[in-house]
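One structure below.
The values are calculated or read from the model by the stated rules, or taken from the named source; none is laboratory data. Not measured: the values here are computed from a predicted model. Because the Cβ atoms are built from the backbone with ideal geometry, glycine has one as well, and the counts that use them run over all protein chains shown. Just so you know, the surface numbers come from the protein's heavy atoms only, side chains and all, with ligands and any DNA or RNA stripped out. Shrake-Rupley method; radii C 1.70, N 1.55, O 1.52, S 1.80 Å.
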Amino acid sequence: MTAKPRLVISSGAGISAESGISTFRDAGGLWEQYPVMDVASADGFARNPALVHRFYNERRADLGKARPNRAHEILHELEEDFDVYVITQNVDDLHERAGSTKVLHLHGELMKVRAVDNPSLLFPVGYDTCTTPDTVIEGHKVRPHIVFFQEAVPMFEPATEIAGSADIFVIVGTSLAVYPAAGLLHYVRAGVPVYYIDPRPSPVPAGVTVIPLPATEGMAELARILLKDRR
Ligand code: APR
């Protein structure tokens, strides 16, 4: 039994767009509707924590109404032929709900909150959970388990090791506007094929195979390419 090739996916908000979850920088996106530095930055949280709690309560409620789409499902189906690792900038749980087993969240998770006095103390929450700055769980005041702008990205180092182990690397649905996440591509070994699925792709280095399609169609096309010689 030969080991399955390692397929590493780097996903952004675009993979969840067809599930009805708003992206950030598309027309009408979240950062057009909300002042990002008020609702998603460390300074904003210090200034008005109630507003930040409310913003993520709304995102969580939206997520409860959403379902994984074909792109998430195809990714799970590819686990039959590949050792699939998902590195996502998304805080939604759609990869997990589609059945993906190895998912690393670079920017945190909506479905968890964490103790303000102990960042490693996480508590699962439901889609209808509404926290405030006064919410206490097991004696700890809590905050969204989200990496705000101006905060460190503790999962980036493990993510670079996973990217460095890829036999195939796929970027799906990200504008590549936010670092360090956007820099993952540079940790991929030379000679490893890289694909980028996005209907309005951002500039990428030569040698990357761009599939300018929405994630559901782009992932179907990618599966056809990857499975051509394997089944
Ligand atoms: N299928 C695939 N990609 C899509 C689709 C779709 N149906 N619709 C839009 N896109 C693409 C857009 O073309 C864009 O390139 O998804 C990307 C969305 O970009 P952003 O809104 O910037 O989202 P993302 O790259 O994930 O943002 C990164 O920024 O605000 C922070 O923490 C937040 O994780 C987020 C990070």
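Restricting to the stretch 45-98, name every residue that is part of a helix (DSSP H, G or I) and small (Gly, Ala, Ser).
Within the stretch 45-98, the subset part of a helix (DSSP H, G or I) is 45-47, 49-64, 70-80, 94-98.
If the condition is that a residue be part of a helix (DSSP H, G or I) and small (Gly, Ala, Ser), then Ala46, Ala50, Ala61, Gly64, Ala71, Ala98 are the ones that fit.
Number of residues in the stretch 177-187 that are more than 10 Å from the ligand (Cβ to nearest atom), among the hydrophobic types (A, V, I, L, M, F, W, C) and open to solvent by 20 Å² or more (accessible area, probe 1.4 Å) equals 1. Of the residues making up the stretch 200-219, just one is away from the ligand (no atom under 12 Å from the Cβ) and surrounded by 14 or more Cβ atoms within 10 Å (Cβ to Cβ), namely Val208.
If a residue must be open to solvent by 60 Å² or more (accessible area, probe 1.4 Å) and either closer than 19 Å to Thr88 by Cα or within 13 Å of the ligand (Cβ to nearest atom) (or both), how many such residues does the stretch 127-176 contain?
Within the stretch 127-176, the subset open to solvent by 60 Å² or more (accessible area, probe 1.4 Å) is 127-128, 130, 132, 134, 136, 138-139, 141, 149-150, 152, 154-155, 157, 161, 167.
Add one more test, that the residue is either closer than 19 Å to Thr88 by Cα or within 13 Å of the ligand (Cβ to nearest atom) (or both), and what stays is 149-150, 152, 154-155, 157, 161, 167.
So the count comes out to 8.
Just the residues that are touching an Asp or Glu at 6+ places or on another chain (Cβ under 8 Å), more than 8 Å from the ligand (Cβ to nearest atom), assigned to a helix (DSSP H, G or I) and not hydrophobic (A, V, I, L, M, F, W, C), please, taken from the stretch 5-39. The answer is Ser16, and nothing else.
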